[in-house]
C-alpha cells in the first residue's frame, strides 16, 4: 500500500473527534461518543475495521432508533458499506415487521423477504393455548387457561407461560394461525350485556413473540362462532365448511379428486387436516386412528396406516415429519412421527386439555431483553 511505503496515513474523511474516540477506546478501553458524533464514529470504525468499537456503538444507536429515523439510518449504513450497522437496523425492522407496516410495506420486495426471514432466527418453540372454553368457571384453573404457553423443541423441558391472553372472559372461541412468526387469534368471546344478559363479541388479536406483545386487529365482518383458518401466500383465509382444495391462483375451490371413499379407509371422524405437500389427514373410527396423505401435485392418495386409538381435539401443527396435537384423554400433547407412526406424549401442560391450539413460533434467543424498550420506541408518536 502507498501508506505503508510512505509511512504516512491520510484520513481526510475521518473526523478528528471520531478518530480520537477510537484511539481512546483502543488504548484505554474507555468509550465516550456523543449522539452527535455517533454516525461519524461508526463510519470511521467501519473503515478502520475496529469491530470491538463498533459493538459498543450499537447500544447507543438502538437507544435512539425510532420509526422516524430507521430508514434514513438504513440508507446511511448501506452507503458507507457497514454490514454490522445494517444488520442492527434490519433486526429493528424485522422485530416490529407488522407494527411498522406503514414503513416496511414500501420497502423493496427483496428487503421485505429478508426481514421476514430474520423473524425466524430465534429458537423454535411449541406453543399451546385454549382456543375454545365453554365450561370452566372462574377460579384457579381459569387463570391457568388464560395463558399462552411454550415448550422448547429438541430438548427436555417443561411448559412455561409466555404471555396472558389479551381479553378477560369466561367463555371464548377462537381459531389460531401463524403468519410471519406472528400468532393470530380470530373469533370472539362472551361479554356481559345489561344486568343479566350476555353477547358474543367478535374480536381478533395478534401476538408478536419477538416483542412479547398482543395487539388487537380487525375482526371478521360477519359473526362466526365456529370456523377454521389457514395461511397461504402471506394471507389469512377462513371458512366454515370445506369440501375440496382452494386454488390461490384462480381464487376458486376445486373438488379433491380422486375422492377418498369408505372402501379405501374407514374414517368417520376427522381430527387433523394440514400440511402442504403432502396434505396429511388424521382421523379415527371406533377401533383405531387412521393416518393418510394426499399429494396436491400428483393428485394421489397415500396408503392408509393405523395408529392406536386416541381421541384428539383442537388444532394441530406439522413440523417436518412430526405432528403435534392435543390429546385430552392422555392429558398431554401427542407427538406423532409421520414416517414411522411412533407416538409419544410431551410433558403435561399446567391445565387440563379440552380444545387447544398447538402452533410453532420463534422466540428471541437467550440474552438481554430489548424487546420491551424497542416496542416503546416503535410506537412513539
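The values are calculated or read from the model by the stated rules, or taken from the named source; none is laboratory data. Keep in mind that this is a model prediction, so the values were computed, not measured. Here the Cβ positions follow ideal geometry from the backbone for every residue, glycine too, while neighbour counts run over all protein chains shown.
Within region 2-21, is there a residue that is outside any helix (DSSP H, G or I), loosely packed, with under 13 Cβ neighbours inside 10 Å and modelled with pLDDT of 90 or more? Before the answer, list the steps.
Applying the first criterion (outside any helix (DSSP H, G or I)) to region 2-21 yields 7-15.
From the residues that got through so far, the ones that are loosely packed, with under 13 Cβ neighbours inside 10 Å too are 7-10, 12-13.
Retained after the next criterion (residues that are modelled with pLDDT of 90 or more): none.
So far as region 2-21 goes, no, none of its residues is outside any helix (DSSP H, G or I), loosely packed, with under 13 Cβ neighbours inside 10 Å and modelled with pLDDT of 90 or more.
Being in contact (Cβ under 8 Å) with a residue 24 or more places away in the chain, buried (at least 16 other Cβ atoms within 10 Å of the Cβ) and not assigned by TED's automatic domain parsing to the domain that holds residue 178 narrows it down to one residue among 104, 95; which is it?
On the way: 104 fails: in contact (Cβ under 8 Å) with a residue 24 or more places away in the chain.
Going through 104, 95 in turn, the sole match is 95.
Name the single residue that is farthest from residue 187 (Cα to Cα) among those in region 122-157 being part of a loop (DSSP other than H, G, I, E, B) and in contact with a strand residue (DSSP E or B) (Cβ under 7 Å, 6 or more places away or on another chain). Please lay out each step first, then the result.
Step one: of region 122-157, the residues part of a loop (DSSP other than H, G, I, E, B) are 122-123, 131, 134-139, 146, 153-157.
Narrowing further to those that are in contact with a strand residue (DSSP E or B) (Cβ under 7 Å, 6 or more places away or on another chain): 122-123, 131, 146, 153, 157.
Details: 122: 29, 123: 28, 131: 9, 146: 15, 153: 28, 157: 31 Å.
The qualifying residue farthest from residue 187 (Cα to Cα) is 157.
Only one residue in 184, 174, 167 is over 27 Å from residue 274 (Cα atoms), modelled with pLDDT of 90 or more and either under 22 Å from the mean Cα position of the chain (by Cα) or outside any loop (DSSP other than H, G, I, E, B) (or both), so which one is that?
On the way: 184 fails: over 27 Å from residue 274 (Cα atoms); 174 fails: over 27 Å from residue 274 (Cα atoms).
167 is the lone residue from the list that is over 27 Å from residue 274 (Cα atoms), modelled with pLDDT of 90 or more and either under 22 Å from the mean Cα position of the chain (by Cα) or outside any loop (DSSP other than H, G, I, E, B) (or both).
Say we look at region 328-345 and pick out the residues that are more than 21 Å from the chain's Cα centre (by Cα) and buried (at least 20 other Cβ atoms within 10 Å of the Cβ); which of these is nearest to residue 162 (Cα to Cα)?
Step one: filter region 328-345 for residues more than 21 Å from the chain's Cα centre (by Cα), giving 328-332, 334, 336-345.
Next, from what is left, pick out any that are buried (at least 20 other Cβ atoms within 10 Å of the Cβ): 334, 336.
Working: 334: 21, 336: 25 Å.
Checking each candidate, the answer is 334.
Restricting attention to region 168-218, which residues are on the phi > 0 side of the Ramachandran plot and free of Cβ contacts under 8 Å to residues at least 12 places away in the same chain?
Of everything in region 168-218, just one residue is on the phi > 0 side of the Ramachandran plot and free of Cβ contacts under 8 Å to residues at least 12 places away in the same chain, namely 194.
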